[in-house]
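> Below: one structure in structure tokens.
Taken together, the values in this text are just the output of simple stated rules run on the coordinates, not laboratory data. Just so it is clear, the model here is predicted, and its values are computed rather than measured. In this analysis, Cβ positions are derived from the backbone assuming ideal geometry, glycine residues included, and neighbour counts consider all displayed protein chains.
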Amino acid sequence: MLPAVRMALSEAAALVAAGVTHLKFEHENAPGSVPAFDIDLGVVAPDGSFTLAYQFKSCQGLENLARNANSAAKQLVDAPAKDKWVVLEVVAGRKTAGTKAEYDASPYTRGIADFKANYPGIRLRIEFADNQTLTL
């Protein structure tokens with residue numbers, strides 16, 4: 001199973017367990033439509049609008065963390081949802097083990113700080129290889 005699919009299914013299960021009853025997977029504008037967006041998982045209100053939109057990415061190591069966060073955020077910028085979340089899963093890579101401690105001591109924190117400045121309306125959750133989580 002692709003990591004992003006597994007992540008979406010896991011998040012959906014948690015939402016259902018919390019009482020959410022209307023979810024939609026893989027919703028995007030028609031090709032060439034403006035604005036363009038891509039929602040991996042959305043929470044749908046009774047009127048059919050999205051209240052919450054997620055984009056999921058898996059990263060090998062810390063080296064591509066900011067690039068993956070920015071790529072996911074671009075897919076949500078114009079999504080028709082009040083709350084937007086990028087969720088990154090970090091697994092061991094060639095250069096780093098993908099742990100939170102490694103992240104805290106690395107220069108990669110700068111790229112994530114830039115992400116928050118560039119996408120202030122999008123929340124970010126990073127799930128590290130050592131099962132620690134950073135939520136911004």
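> For the ranges 87-93, 12-18, what's the packing order if you count other beta-carbon atoms within 10 Å of each residue, average per peptide, and put the highest first?
Taking the mean over residues of other Cβ atoms within 10 Å, the ranking is 87-93, 12-18.
> Using Cα atoms only, what is the angle between the long axis of helix 108-118 and the major principal axis of the chain, expressed in degrees (0 to 90) to the nearest 10?
Result, in degrees: 30.
> Rank Arg123, Arg67, Arg94 by mean-square fluctuation in a GNM of the chain with C-alpha springs under 10 angstrom and give only the top-ranked residue.
The residue with the greatest mean-square fluctuation here is Arg94.
> With +1 on each Lys and Arg Cβ and -1 on each Asp and Glu Cβ, how big is the dipole of the chain about its Cα centre, in debye rounded to the nearest 20?
Roughly 240 debye, rounded to the nearest 20.
> Please list, in order along the stretch 85-94, the HN-Hα scalar couplings obtained from phi with the Karplus expression 6.51 cos²θ - 1.76 cosθ + 1.60 (θ = phi - 60°), rounded to whole Hz, x for Gly and Pro.
10, 9, 10, 10, 9, 9, 10, 4, x, 6
> Within the chain, what percent of beta bridges assigned by DSSP are antiparallel, to the nearest 5?
45 percent
> With a ≥ b ≥ c taken as the square roots of the eigenvalues of the C-alpha gyration tensor of the stretch 5-61, please select rounded if a/c is under 1.5 and otherwise prolate if a/b is larger than b/c or oblate if it is not?
oblate
> Among the lysines, which have Cα under 21 Å from the Cα of Lys100 when same-chain residues fewer than 8 positions away are ignored?
Lys57, Lys116
> No solvent, one uniform scatterer per C-alpha: report log10 I(q)/I(0) for the chain via the Debye equation at q = 0.14, 0.17, 0.21 1/Å, two decimals.
-0.63, -0.91, -1.26
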